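The values are calculated or read from the model by the stated rules, or taken from the named source; none is laboratory data. Note that the structure is predicted; figures quoted are calculated from it, not measured. Note that each Cβ is placed from the backbone with ideal geometry, even for glycine, and that neighbours are counted across all protein chains shown.
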Amino acid sequence: MKITSAKFIKGIVGRDKVLEDGLPHIAIIGRSNVGKSSTINSLVKQKDLVRVSSFPGRTRQINIFLINKSFYLADLPGYGFSVGSKDDQLRLHELINWYLFLSGFEQKLVVLIIDAFIGPTDKDVEILRALEEHNKNIIIAANKIDKIKKSGYQNQMEKIRDMVGNHKVIPYSAKTKIGLEDMVKEIMT
Ligand code: GDP
């Protein structure tokens, strides 16, 4: 199982034909700075498919990528960073909310990326509960796992698993590619 092609299709801000052409969507969501862009780039093995930004929270739309000509990867704007005007933040919140919960569109899978080093924040748990309430098919990618020392690994993974409940957690590193195969398998099956 391999990702052999990835192409940016468009940014969407509302109802669009990529929601209606029958191809499944895999949505990727995470707070700004958890490494969402780096994770997507590592999955598709393209360094700059998604811009890795040193200014958190700059994505302003849902970026849609076509993978292997067979499914869409939807890169949702990072949430929970108070940059940009209040209006911008509200608009982003509404866009995510609409795409995930109000549009009636069913994603095949939602990948929630968290920072493995920091652990799940209140904001992460809040979004997780909302995804659960809407019966989404969820996996958690615990990114930046490379930052955790061997001695603390077990403890930190237990802490993460306790907080996220029954969902599959994939220890991941966009930097060192730990978990890459596991993650590709999850999104391709
Ligand atoms: P985004 O805002 O969630 O899209 O995050 P970015 O992909 O822009 O990454 C935010 C910062 O985290 C950057 O400085 C990245 O180099 C760093 N980063 C991302 N993934 C990893 C990882 O797996 N390990 C480490 N150590 N740093 C990472």
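For residues that are touching a Ser or Thr at 6+ places or on another chain (Cβ under 8 Å) and either of a type in the set (K, R) or part of a loop (DSSP other than H, G, I, E, B) (or both), tally how many sit in segment 25-48.
1
Residues to consider are G152, G119; find the one that is within 16 Å of the ligand (Cβ to nearest atom) and surrounded by fewer than 14 Cβ atoms within 10 Å (Cβ to Cβ). Walk me through how you get there before you give the answer.
On the way: G119 fails: surrounded by fewer than 14 Cβ atoms within 10 Å (Cβ to Cβ).
Within the list G152, G119, the selection yields G152.
Considering I9, I3, which residue is touching a Phe, Trp or Tyr at 6+ places or on another chain (Cβ under 7 Å) and either at pLDDT 90 or above or not in a loop (DSSP other than H, G, I, E, B) (or both)?
On the way: I3 fails: touching a Phe, Trp or Tyr at 6+ places or on another chain (Cβ under 7 Å).
Going through I9, I3 in turn, the sole match is I9.
Take the residues of segment 39-59 that are at pLDDT 75 or above and out of contact with any Lys or Arg (no Cβ under 7 Å at 6 or more places or on another chain): which is nearest to K175 (Cα to Cα)? It would help to see each step written out before you state the result.
Pass one, segment 39-59, residues at pLDDT 75 or above: 39-46, 49-50.
Retained after the next criterion (residues that are out of contact with any Lys or Arg (no Cβ under 7 Å at 6 or more places or on another chain)): 39-40, 43-46, 49-50.
Numbers: T39: 8, I40: 11, L43: 11, V44: 13, K45: 12, Q46: 13, L49: 15, V50: 15 Å.
Among those residues, the one meeting the criterion is T39.
Could you check segment 22-39 and list, in sequence order, the residues that are near the ligand (Cβ under 8 Å from one of its atoms) and farther than 20 Å from H93 by Cβ? Lay out the reasoning, then the answer.
Narrowing segment 22-39 to residues near the ligand (Cβ under 8 Å from one of its atoms): 30-39.
Across segment 22-39, the qualifying residues are G35, S38, T39.
With the condition kept exactly as written, say whether any residue in segment 130-143 is within 15 Å of the ligand (Cβ to nearest atom), touching a residue at least 12 places away in the same chain (Cβ under 8 Å) and out of contact with any strand residue (DSSP E or B) (no Cβ under 7 Å at 6 or more places or on another chain).
Of all residues in segment 130-143, those within 15 Å of the ligand (Cβ to nearest atom) come to 140-143.
Now narrow it down to the ones that are touching a residue at least 12 places away in the same chain (Cβ under 8 Å): 140-143.
Still in the list and also out of contact with any strand residue (DSSP E or B) (no Cβ under 7 Å at 6 or more places or on another chain): none.
No, the conditions are met nowhere in segment 130-143.
Under 6 Å between Cβ atoms, which residue pairs at least 6 apart in sequence (or on different chains) link something in segment 109-123 that is outside any helix (DSSP H, G or I) and at pLDDT 95 or above with a partner that is basic (K, R) and surrounded by fewer than 16 Cβ atoms within 10 Å (Cβ to Cβ)?
F117/K147; G119/K159
So, D146, is that one modelled with pLDDT of 95 or more, more than 20 Å from L73 (Cα to Cα), among the acidic types (D, E) and within 15 Å of the ligand (Cβ to nearest atom) or not?
On the way: modelled with pLDDT of 95 or more: yes; more than 20 Å from L73 (Cα to Cα): yes; among the acidic types (D, E): yes; within 15 Å of the ligand (Cβ to nearest atom): yes.
Yes.
Which residues, counting only those in segment 155-167, are loosely packed, with under 14 Cβ neighbours inside 10 Å and either outside any helix (DSSP H, G or I) or touching a Leu at 6+ places or on another chain (Cβ under 7 Å) (or both)?
G165, N166, listed by residue number.
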